[in-house]
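Heads up, the thing below is written out as structure tokens.
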């Protein structure tokens, strides 16, 4: 598995950065490889960025403690975009022009990524977005999380084959992420014999979804497909319970399941009433320790995170986004044997990597690289995630 390359890369020194600061390399003779990262560390996407930064730093730590890449340490500059597309563009430009980074990771949110894409295309800098995007092939952009437009087909198919429903409601936030997920539901539903009886949307920071849910309840769907992030989903769950809608299963996109969601939403989302779609890492602790996923990927990464942040650190589902991004960057740097931006871009088209979000194999005609093999239905029981089992 190419993931193990993170543990075996050659070189010297441990070096990472805080938001804009630099930790001095222990080997001044080795010129560091500079990577820029834009994350939402504050604002509505803060729950994403604060998890992603830990996983990225752990990935950098894993590489640098084994020597770096061909004798050169990784040096990472982080910027907080405050969950704002405008701030994201300023941060990306700063990293590209002032820090002269060879590659850009992030941002965390779809809207911010969409704002940064034209900058990387114009400046000629390889970009690994942290958020799922639906965009045509771009020269400098290599997608990591699979876009929910495509993942939504798995959710639609699940609704018909596993739940046996014919009528669904579509509920989503009004961000690019939410609307793209809803676009996918709308496109894929007819192919699988589903009728959308009602579609409603809300703002990502709204604190009351009763008007939307009341309309959905009146339309009498057999299931709801929900695209939003965890905080908004918790509000939906509470209002859903207030309206007595527990008989209607809710299938959610990958923006919902993180460690905080079961606590924020409460018991109403347990025992298969709510069915988030997530990757294998969300229930890794329930797998045997000898399972290949744990032994080769999850445990080494989680141990590195705990080494940096304490043994009591809990796994966060969005660690996977951060780690896969830095791991793919490392694979490209190893192939390129250079921090030249064009060489890294070309190397990315040859990367093969098995990660949390799927098995990646980019090519000149495919900058998505994965079909999301690890993405599937889960359920919450006793505050923990488990593989979905129909009751």
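Worth a mention:
- The calculated FRET efficiency for residue 350 paired with residue 65, based on their beta-carbon distance and R0 = 25 Å, is about 0.45.
- Residue 174 paired with residue 381, simple spin-label distance in nm, labels 7 Å along Cα-to-beta-carbon: 4.0 nm
- The peptide list 144-157, 329-342, put in order of mean Cβ contacts within 10 Å with the highest first, becomes 144-157, 329-342.
- Stokes-Einstein diffusion coefficient of the stretch 214-307, Kirkwood radius over Cα pairs, 10 °C, 1.306 mPa s, in µm²/s: 107 µm²/s
- Rounded Å value of the spacing that divides the Cα centres of the stretch 173-213 and the stretch 94-125: 29 Å
- Comparing 122, 263, 350 in a Gaussian network model of the chain where C-alpha atoms under 10 Å apart are linked, the largest mean-square fluctuation is found at 122.
- Only alpha carbons enter this Debye calculation for the stretch 333-391, each as an equal point scatterer, and the log10 of I(q)/I(0) it gives at q = 0.19 Å⁻¹ is -0.73.
- Put in line by how crowded their Cβ is, counting other Cβ atoms within 10 Å and starting with the fewest, 295, 345 read 295, 345.
- In terms of its Cα atoms, the stretch 127-237 spans 47, 34, 18 Å along the principal axes, sorted from long to short.
- Compactness of the chain, taken as the C-alpha radius of gyration over 2.2 N^0.38 Å, stands at 0.97.
- Relative contact order of the stretch 188-292, defined on C-alpha pairs under 8 angstrom at six or more residues apart (%): 23 percent
- By DSSP, the beta bridges lying fully in the chain are antiparallel in about 25 percent of cases.
- Taking 111, 366 and counting other C-beta atoms within 10 Å, the order from fewest to most: 366, 111
- Each Cα pair under 8 Å and six or more residues apart adds its separation to the average, and for the stretch 88-176 the resulting relative contact order is 22 percent.
- Three-way shape call for the stretch 69-157 based on the alpha-carbon gyration tensor, with the a/c threshold at 1.5: prolate
- Helices in the chain, meaning DSSP H runs of at least 4 residues, each add -39500 (n - 2.57). Divided by all residues, the mean residue ellipticity at 222 nm is -11500 deg cm²/dmol.
- Taking Cα atoms only, the orientation of helix 176-188 departs from the longest principal axis of the chain by about 60 degrees.
- Fully extended contour minus Cα-Cα distance, from residue 161 to residue 308, at 0.36 nm per residue: 48.6 nm
- Just checking the listed ones, 203, 266, 244: in the Gaussian network model of the chain with Cα springs under 10 Å, the one fluctuating most is 244.
- Cubic angstrom per residue, convex hull over Cα atoms of the stretch 271-391: 123 Å³
- On Cα atoms only, tilt of 230-242 relative to the major axis of the chain in degrees: 10 degrees
- Estimated FRET transfer efficiency (residue 391, residue 208; beta-carbon r; R0 30 Å; 0.05): 0.50
- Folded to 0 to 90 degrees: helix 46-65 orientation relative to the chain principal axis, Cα: 30 degrees
- Calculated over the stretch 33-185: convex hull of Cα atoms, volume per residue (Å³): 132 Å³
- Our summary gives the chain a relative contact order of 17 percent, counting only alpha carbon pairs under 8 angstrom and 6 or more residues apart.
- Potential lengthening between residue 219 and residue 293 on full extension [0.36 nm per residue; Cα-Cα distance subtracted]: 22.4 nm
The numbers here are math on the coordinates, done by the rules we state, and not lab data. Just so it is clear, the model here is predicted, and its values are computed rather than measured. Glycine gets a Cβ as well: all are built from the backbone with ideal geometry, and neighbour counts include every protein chain shown.
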